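Structure first, commentary second.
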Amino acid sequence: MGNRVVNFVPIKQGLYEQSSTKKGDIGSVLEFEDGRKFVYSLNGTDTLTPGAPIQGPVENAYDESIVLAENIAVGDTTVTFDVHASRGANLTLNQLRDGYIQIEDTAAGVIGHMRKIKSNTAAAVGTECVVTVYDAFTDTATAGTDTLNVLLNPYSGVLLKNSTSDGPWLGVAPCDVTAAYYFWLQVAGPASVISGESTMVVGDGVSLDGSATPVLCDGANDEFCGWAMQSQDTSGNAVMIMLCTGR
Amino acid sequence: MGNRIVNYVPHKQGIYEESSTIKGDIGAMVEFEDGRKYVYAKNGAVALEPGLIVEGPAENASDESISLASDVAVGDKTLTITTARTYTKNELMGGWVQIEDVAAGVIGHARKIKSNPAVTSGDSMIITIYDAFTDTAVAGTDTVNVMENMYNGVIVCPTTHTGPIAGVPPIHVTISYYFWLQVAGICSFIAGADTVVVGDGLVVTGLAGTVKQAAGADDEFVGWAYQSQNSTGNALIGMLCIGRSGG
């Protein structure tokens, strides 16, 4: 079978290379014929090491339950809301690009609609932001009543997974990555991970619940991340797993 | 990265549109570069809401342990069963047939179904499959299970599941209409009574179409939370994982 790329993305950066400059779109996918998949990502402020589980940026509570500033009509491709005064950081131009927006309200017939974000205006905290989405809304939403959740592109500003999850589970770093560098994050296929588990046995389900490193699934709020392809031996903590992140 | 389709199926129907007429094969798939995947599906007898998980048609006990009416030989592309219910013409098209017997070397073979005639209960029915059998089966001894196309007649997941988990509708869907059902990627979910925290494994155990934190007892896993559920609404964005991930 070899090591051929099946879904080729023309980003001039090798799988095990990092770059201080952006070589392509964050979120682009590179897939190998053996099932390994990598997503082009921007590291945040941590230094990443190979085998380290990686999460997206820490959730910001003020990106959720945002009050709509203007009504949404069927066919609209823009959404207007006020950036929460307590958000802590302004929204820069197109910071939300390739993220997602979700309508959230308890009213039947409104909740649950989600669209991918094409662009956004720059907006300081407490001021109005206009988001443009790729696909028009097929339902209405009401200013002052209905609310929104926004999710930034999770692959922009990743970090080492915290013991208590505070961002989306994304994948595993295949190489050392300097803070703020661009790299290929592994999201599927056979992967090297550093385990925090002393008794992992080949075939075990693997979880990240309450840990920065993979542990055995124990049935209590398991944050499933794959299956062990080897037993962990006593001379080290590295183990190969079949990585599962939904990609 | 944008919003480009990578695996395109030429159905003339947008992913946020429904249709009263079929525009292509049920089960066909469209995939976006960010990992979202949608399967062309037909709604069943209840209107669907965006974000509420749906399942395939309710299991029918008469589709299981069906008697073989004729022997199956190696190379056969048909098999004949004695039905325990009525089937319409091609009701099983796009579904599956599985050989079921305790004899080693017979049990476990499965093939995709190409066609079936209309019959009533107790009739002999010839099922035509796409790929020839590679093993024999014996009439009057071995039995078969059949499963119709799970995307043909989906329903909102009831509290106690009656069919296979199929995906999440991205829009409102009218009874008996055709639509694109999301089966992988970043997705809109509606949470149930339990609190969900970013990073949690998500399950639909014991809930009607909504998700909750993985609990460990008979979990029906469907993905991971990318946002925490907040106090003013029940919608959250997450990663959908129901076996349709991958390239």
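Quick notes on this one:
- Any strands (runs of 3 or more DSSP E) falling wholly within the range B:161-247 and containing at least 2 residues that are within 7 Å of another protein chain (Cβ to nearest Cβ) and either touching a Lys or Arg at 6+ places or on another chain (Cβ under 6 Å) or crowded, with 24+ Cβ neighbours inside 10 Å (or both): B:178-190, B:221-225, B:235-241
- Top-ranked residue of the range A:137-156 - restricted to ones that are more than 7 Å from chain B (Cβ to nearest Cβ), more than 30 Å from A:Phe183 (Cβ to Cβ) and not acidic (Asp, Glu), ranked as surrounded by the fewest Cβ atoms within 10 Å (Cβ to Cβ): A:Gly144
- Residue within the range B:67-82 that is touching a strand residue (DSSP E or B) at 6+ places or on another chain (Cβ under 7 Å), within 14 Å of chain A (Cβ to nearest Cβ) and in a loop (DSSP other than H, G, I, E, B) present: no
- All positions within the range A:110-119 that are at pLDDT below 90 and facing chain B (nearest Cβ under 7 Å): A:Ile111
- Sole residue being without any contact (Cβ under 8 Å) to a residue 12 or more places away in the chain, assigned to a loop (DSSP other than H, G, I, E, B) and more than 14 Å from every other protein chain (Cβ to nearest Cβ), chosen from A:Asp218, A:Asp233: A:Asp233
- Only one of the numbered conditions (1) under 17 Å from B:Thr143 (Cα atoms); (2) buried (at least 19 other Cβ atoms within 10 Å of the Cβ) is violated by B:Val119, and that is (1).
- Among the residues of this structure, B:Ala166 does not count as one that is in contact (Cβ under 8 Å) with a residue 60 or more places away in the chain and more than 19 Å from the chain's Cα centre (by Cα).
- Among the residues listed as B:Ile22, B:Ile107, B:Ile99, the single one being free of Cβ contacts under 8 Å to residues at least 60 places away in the same chain, hydrophobic (A, V, I, L, M, F, W, C), part of a loop (DSSP other than H, G, I, E, B) and under 26 Å from B:Ile242 (Cα atoms): B:Ile107
- Selected residue [in a loop (DSSP other than H, G, I, E, B), more than 14 Å from chain A (Cβ to nearest Cβ), within 14 Å of the chain's Cα centre (by Cα) and surrounded by fewer than 14 Cβ atoms within 10 Å (Cβ to Cβ)] from B:Ala58, B:Ala45: B:Ala58
- Hey, B:Thr195 modelled with pLDDT of 85 or more and of a type in the set (Val, Ile, Thr) or not: no
- Taking the conditions (1) of a type in the set (Val, Ile, Thr); (2) out of contact with any His (no Cβ under 8 Å at 6 or more places or on another chain); (3) in a loop (DSSP other than H, G, I, E, B) in turn, A:Thr138 satisfies each one other than (2).
- Residue that is modelled with the lowest pLDDT, among those in the range A:189-205 that are away from chain B (no Cβ under 12 Å) and in a strand (DSSP E or B): A:Ile194
- When A:Gly126, A:Gly51, A:Gly75 are checked against the criterion of being under 27 Å from A:Ala180 (Cβ atoms) and either free of Cβ contacts under 8 Å to residues at least 24 places away in the same chain or more than 10 Å from chain B (Cβ to nearest Cβ) (or both), a single residue qualifies: A:Gly51.
Per-residue answers, yes or no, for (1) within 14 Å of chain A (Cβ to nearest Cβ); (2) over 17 Å from the mean Cα position of the chain (by Cα); (3) small (Gly, Ala, Ser):
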| position | (1), (2), (3) |
| --- | --- |
| B:Tyr130 | no, yes, no |
| B:Thr134 | no, yes, no |
| B:Ala139 | no, yes, yes |
| B:Glu148 | no, no, no |
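- Output for the range A:47-59, where each listed residue is surrounded by 16 or more Cβ atoms within 10 Å (Cβ to Cβ) and not in a strand (DSSP E or B): A:Pro50, A:Gly51, A:Ala52, A:Gly56, A:Pro57, A:Glu59
- Filtered residues of the range A:32-62 (kept if modelled with pLDDT of 95 or more and among the charged types (D, E, K, R)): A:Asp46
- A:Leu243 vs. criteria out of contact with any Leu (no Cβ under 8 Å at 6 or more places or on another chain), more than 8 Å from every other protein chain (Cβ to nearest Cβ), in a strand (DSSP E or B) and crowded, with 23+ Cβ neighbours inside 10 Å: yes
The values are calculated or read from the model by the stated rules, or taken from the named source; none is laboratory data. Remember, predicted model here, so these are calculated numbers, not experimental data. Positions of Cβ are backbone-derived with ideal geometry, glycine not excepted, and every protein chain shown enters the neighbour counts.
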